[in-house]
Structures are given as C-alpha cells and as structure tokens.
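Quick notes on the structure that follows.
The values are calculated or read from the model by the stated rules, or taken from the named source; none is laboratory data. This one's a predicted model, so the numbers in the text were calculated from it and none came from an experiment. All Cβ positions, glycine included, derive from the backbone under ideal geometry; neighbour counts span all protein chains shown. Keep in mind that these areas ignore ligands, DNA and RNA; they rest on the heavy atoms of the full protein, side chains included. Shrake-Rupley method; radii C 1.70, N 1.55, O 1.52, S 1.80 Å.
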Amino acid sequence: PITYPADPMQAGRMVANQFGCRACHVLDDGKGGNAGPDLRISGQKLGSDWVKHFLEDPRSHGKIYPVRVSRMPKLALNPQEIEIMAKYLLAMGKRKEPLAKKLDVTTVSAAEMTEGKNIYVLRCTECHNLGKVIEIPEAKRQGPDLGLVAGRVDYDWSKAWITDPKKIAPNTKMTLPGITPEQIEAVRKFVWKTSQEMSSHKNE
C-alpha cells in the first residue's frame, strides 16, 4: 500500500505520475499533453461526484468531446486513488465546494425559457445536442451534449465560459457567442433547467 500525503496537490501529483496522466493532460504546473482536456480547467468546472463516477468507468459516459480523436482509457485506479484525483482537480481549480452548483429552477420565468430556447436554436445548435429535447445531426456535434451538463458542470462557472471561452481556454473550438449579458443568462437558464429536468425524469 502507498501512503499518500495529506496535501491534495502533492497526493494528486503522485497518482498522476503513477498513471501517466501528463501524457494526455495538462496538469497543475501547466505542462502536459493535449489529447485530453486541460485538468486545470476541468478543476474549475467539474463536480467531484461526476469526476469520481467518470474515473470508475470513463467509457460508460460515452464520448463527451466528439471532436477529440482520443478516448479516456479505464485506468486501474482504486477507490483511494479516485478520491485523490477528484480532490486534486478541485485544488487545481481553486474550488472549495466539491459539488457542481445547480440552477434554482424556481427563479426561471417562462419568458426567459422562451428567449433562452430561441438563442440556443440560433447559436448553440451548430455544435451541441441538448439530449432528446433538441437534437442535431451527428456530423455537426463538435461539443459536448448539453443535455448532461447539469450533473457535470458548475452553473456559476458557465457564465464566464459562455461570455468569453477563449479567455479561459485559448485553444478551445468554442466560439464567442456574440450575445448580450441578458441573453447569456437566458440561454444558460434554459440549458440548465432542461438538463436538470431530464436528469430528474431519468431517475424517477
């Protein structure tokens, strides 16, 4: 058995080195491969529960980033190492709350849902599916399926991402949406409310 340090960064680096994560991912020092996402950004947005489920069986989640050629392999991580990696991402993202924040759906008006849906259809359907609610041809799917976003990505973080994705990830294929702050609020409320409702129906 390996004794890991209590510090999440130090313990995470040990596990990352053991499993060769740097070959595909940029780690906390800004160095690494680009076959997979930059884990500094992943740490800003991903809920720890989702990270742990993903690391247990990456392929069960489907291909999250259709545009990427590489797929995350299933590593022989034990439960302790999975917990360490979840905390490592959280530390890289400088977040204290492990859960991805969700939307309070009671704050969303019918007018916002209508406006958000219109913006989504006009701007987001060039690259993103929204589960079975709004489907696009497979050839157009360059970004993640946003029908699954609420259980994965922090709602608060999404505002900065939609506003200026290249400020967060200069090499991202996500384009500047060119919409107003009010429209950003409407579209992200529409996406998260739809995603949360899809998830609740799935669990019923």
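Here the dipole of the chain is about 480 debye; that uses its Cα centre as origin and unit charges on the Cβ of Lys and Arg (positive) and Asp and Glu (negative). Here the label points at Lys74 and Glu56, each 7 Å from Cα along the C-beta direction, are separated by 1.3 nm in the simple model. Per residue, the convex hull spanned by the Cα atoms of region 129-171 amounts to 88 cubic angstrom.
Solvent exposure of the chain amounts to 57 Å² per residue of accessible area, where only protein heavy atoms count and the probe is 1.4 Å. Straight distance only, please: which aspartates and glutamates reach the Cα of Lys167 with their own Cα at less than 17 Å, same-chain residues fewer than 8 apart left out? Partners found: Asp38, Asp156. Compute the Kirkwood hydrodynamic radius of the chain, taking the inverse of the mean of 1/r over all pairs of distinct Cα atoms, and give it in Å to one decimal. 17.9 Å is the Kirkwood radius here. A probe of 1.4 angstrom, applied to the heavy atoms of all protein chains, finds Glu83 with accessible area near 70 square angstrom.
Helical content alone sets the calculated 222 nm signal of the chain at -13000 deg cm²/dmol, taking -39,500 (n - 2.57) per DSSP H segment of four or more residues and averaging over every residue. Label-to-label distance, Lys31 versus Asn171, with points set 7 angstrom from Cα along the beta-carbon direction: 1.6 nm. A 1.4 Å probe, protein heavy atoms only, puts the accessible area of Ser199 near 50 Å². Between Tyr4 and Ser199, the FRET efficiency from the beta-carbon distance, with R0 = 41 Å, is close to 0.80. Using a 1.4 Å probe over the heavy atoms of the protein chains, calculate the carbon and sulfur portion of the accessible area of region 55-149 as a whole percent. Exposed carbon and sulfur together represent 56 percent of the surface.
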